[in-house]
1. Of the residues 256, 230, 273, only one is assigned to a helix (DSSP H, G or I), open to solvent by 30 Å² or more (accessible area, probe 1.4 Å), free of Cβ contacts under 8 Å to residues at least 24 places away in the same chain and among the β-branched types (Val, Ile, Thr); which?
2. What do you reckon, is residue 32 open to solvent by less than 60 Å² (accessible area, probe 1.4 Å) and either in contact with a helix residue (DSSP H, G or I) (Cβ under 6 Å, 6 or more places away or on another chain) or of a type in the set (Asp, Glu) (or both)?
3. Tell me whether segment 56-71 contains one or more residues that are under 17 Å from the mean Cα position of the chain (by Cα), free of Cβ contacts under 8 Å to residues at least 60 places away in the same chain and either within 18 Å of residue 169 (Cβ to Cβ) or not in a helix (DSSP H, G or I) (or both).
4. For segment 120-147, name all the residues that are among the polar types (S, T, N, Q) and farther than 15 Å from residue 106 by Cα.
5. Could you pull out the residue among 190, 160, 178 that is among the aliphatic types (A, V, I, L, M), out of contact with any Ser or Thr (no Cβ under 8 Å at 6 or more places or on another chain) and more than 19 Å from residue 280 (Cα to Cα)?
6. Answer with yes or no whether residue 170 is open to solvent by 60 Å² or more (accessible area, probe 1.4 Å), out of contact with any Gly (no Cβ under 7 Å at 6 or more places or on another chain), among the charged types (D, E, K, R) and in a helix (DSSP H, G or I).
7. Are there any pairs with C-beta distances below 8 angstrom linking a residue in segment 28-50 that is within 22 Å of residue 175 (Cβ to Cβ) to a residue that is not small (Gly, Ala, Ser) and not in a helix (DSSP H, G or I), with the two at least 6 apart or on different chains, and if so which?
8. What residue, among those in segment 133-148 that are without any contact (Cβ under 8 Å) to a residue 12 or more places away in the chain and surrounded by 12 or more Cβ atoms within 10 Å (Cβ to Cβ), is farthest from residue 122 (Cα to Cα)?
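The values are calculated or read from the model by the stated rules, or taken from the named source; none is laboratory data. The structure presented is a predicted model; accordingly, all values stated were derived computationally and were not measured. All Cβ positions, even for glycine, are placed from backbone atoms using ideal geometry, and neighbour counts span all protein chains on display. Note: accessible area is taken over every heavy atom of the protein model, side chains too, but ligands, DNA and RNA are not part of it. Shrake-Rupley method; radii C 1.70, N 1.55, O 1.52, S 1.80 Å.
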Amino acid sequence: MKKTATTQKFITISSLSILLSMLTVVMGAPLLRVLRKAYGPLAFWILGLLATGTAWFLNAQPLALFLGSVWMTLGAYMELEQKGIGWWISGLLSISAGAAATGLGLLGAFRTNGINTQAEIQRLAEQFAGKVQAMNPTVKLDPEILVQQIPSAIVIILILALGLGLIFEKRVFSWLNLPREKIASQLKLLEYRVPDYVIWIAMTAFLLTMVSFGGKAIAILAVNIVNVIIVLYFFQGLAVLEVFLDSMKAGAFTRILTYIILVGQLLLLLSVIGLIDYWVDFRSRIKKIKTAENN
């Protein structure tokens, strides 16, 4: 069967990407990458503007913010990727663009709803925490902490969307039987590694969360940085895990079980593995062991 980008497939991808983004925020990302690569930038950006604008005018402003920021992040990353810019710079710039879009959207939403002060934002967070606890009494949310960690929450959502888009893009192309163009600057996921200098940022931020050197504002900034870095090293730990499973020639059942346990239940453990990988370099050691066994 010939791989072609048909109108029917465009409608399928568009509908599913918007639906999954509405339901889960991040799971529509692989479809959005496929949409951009298979149908070009014009179709991608026009559909993004229509979806975001429709949600905003239907007074679904939180949905519009999520759709717009994820769309902006993925679109900006792919534009930079197409120009041959390295994945780390592309990721940093695209997530910054997505976060800026979210910040501007939040300001617009707050003003539209008459929320103009820190105290009013705090009351909104209290209402949200109350609703969450009403639905699930076991969940305890501190409204003040919730407000303080909004910046890192936004960045983490965008990182997860971009990460999922990169990880599952190939499978979506295969599922939809679409031609997939390979880009020289594209990230090789099994080789994903956080730049070495980030370890010093991580250690400094972690120290500032434990010891107060510059008051409350510095501590809040440090906590947000730690939250983001945990997610960056989670993906590095995920890459280590995938190389290990490949070396073991793990089957589908073993992989599914491993991911359910580690990703579903022990997410922080993968972040720790990713962090330790800076010093240990697990993947090189696994490859050496495998090479020795083959010889």
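1. Every option except 256 fails the conditions.
2. yes
3. Taking every residue of segment 56-71 in turn, at least one turns out to be under 17 Å from the mean Cα position of the chain (by Cα), free of Cβ contacts under 8 Å to residues at least 60 places away in the same chain and either within 18 Å of residue 169 (Cβ to Cβ) or not in a helix (DSSP H, G or I) (or both).
4. 127, 133, 136, 138
5. Going through 190, 160, 178 in turn, just one is among the aliphatic types (A, V, I, L, M), out of contact with any Ser or Thr (no Cβ under 8 Å at 6 or more places or on another chain) and more than 19 Å from residue 280 (Cα to Cα): 160.
6. Working: open to solvent by 60 Å² or more (accessible area, probe 1.4 Å): yes; out of contact with any Gly (no Cβ under 7 Å at 6 or more places or on another chain): yes; among the charged types (D, E, K, R): yes; in a helix (DSSP H, G or I): yes.
Answer is yes for this residue.
7. Within 8 Å, the pairs are 34/178; 37/180; 37/181; 38/178; 38/179.
8. So in segment 133-148, the residues without any contact (Cβ under 8 Å) to a residue 12 or more places away in the chain come out as 133-140, 145.
From what is left, the residues that are surrounded by 12 or more Cβ atoms within 10 Å (Cβ to Cβ) are 133, 145.
Numbers: 133: 16, 145: 10 Å.
Looking at residues that are without any contact (Cβ under 8 Å) to a residue 12 or more places away in the chain and surrounded by 12 or more Cβ atoms within 10 Å (Cβ to Cβ), I get 133.
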